[in-house]
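The values are calculated or read from the model by the stated rules, or taken from the named source; none is laboratory data. Just so it is clear, the structure is predicted and the values come from calculations on it, not from any experiment. So basically every Cβ, Gly included, is an ideal-geometry build from the backbone, and we count neighbours across all protein chains shown.
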């Protein structure tokens, strides 16, 4: 199973999706997120994905249970702030889809864009 993390803060994955849901007992984590110091470094420890998110991605508790048993036996289920998480001591950084290896010069520099003029709608109050 390949899981793509889209946001990580202080070692916890907050937004993610399953890129490939085959072999749910062997999840791997890919990170496509802006990482700042403390989000995914030696001080933060392994990246953590909530067990609840994992259960949803694999399709429910019955499908997730065998994988969770294997992950627990391997010591990869940890508690963080009172919530069970799957620990990913290693993970793979990835480029945003569609951008890796491209030389896209069609992206406009935000400094070159002139904002549209505001449109005003005048409402007249004739009640006086």
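When the residues of the range 6-21 are filtered to those that are more than 18 Å from residue 81 (Cβ to Cβ) and in contact with a strand residue (DSSP E or B) (Cβ under 7 Å, 6 or more places away or on another chain), the one that is surrounded by the most Cβ atoms within 10 Å (Cβ to Cβ) is 18. The residues of the range 22-34 that are free of Cβ contacts under 8 Å to residues at least 40 places away in the same chain and surrounded by 15 or more Cβ atoms within 10 Å (Cβ to Cβ) amount to a single one, 33. Being in contact with a strand residue (DSSP E or B) (Cβ under 9 Å, 6 or more places away or on another chain), surrounded by 14 or more Cβ atoms within 10 Å (Cβ to Cβ) and at pLDDT below 85 holds for only one residue in 44, 87, and it is 44.
Here is a yes/no grid of residues against (1) modelled with pLDDT of 50 or more; (2) under 28 Å from residue 40 (Cα atoms); (3) surrounded by 10 or more Cβ atoms within 10 Å (Cβ to Cβ); (4) within 19 Å of the chain's Cα centre (by Cα):
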{"site": "59", "(1), (2), (3), (4)": "yes, yes, yes, yes"}
{"site": "67", "(1), (2), (3), (4)": "yes, yes, yes, no"}
{"site": "70", "(1), (2), (3), (4)": "yes, yes, yes, no"}
{"site": "104", "(1), (2), (3), (4)": "no, no, no, no"}
{"site": "107", "(1), (2), (3), (4)": "no, no, no, no"}
{"site": "110", "(1), (2), (3), (4)": "no, no, no, no"}
{"site": "119", "(1), (2), (3), (4)": "no, no, no, no"}
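Filter the range 22-66 for residues that are touching a helix residue (DSSP H, G or I) at 6+ places or on another chain (Cβ under 6 Å) and in a loop (DSSP other than H, G, I, E, B); which is nearest to residue 3 (Cα to Cα)? If we take residues in the range 22-66 being touching a helix residue (DSSP H, G or I) at 6+ places or on another chain (Cβ under 6 Å) and in a loop (DSSP other than H, G, I, E, B), then 24 is nearest to residue 3 (Cα to Cα).
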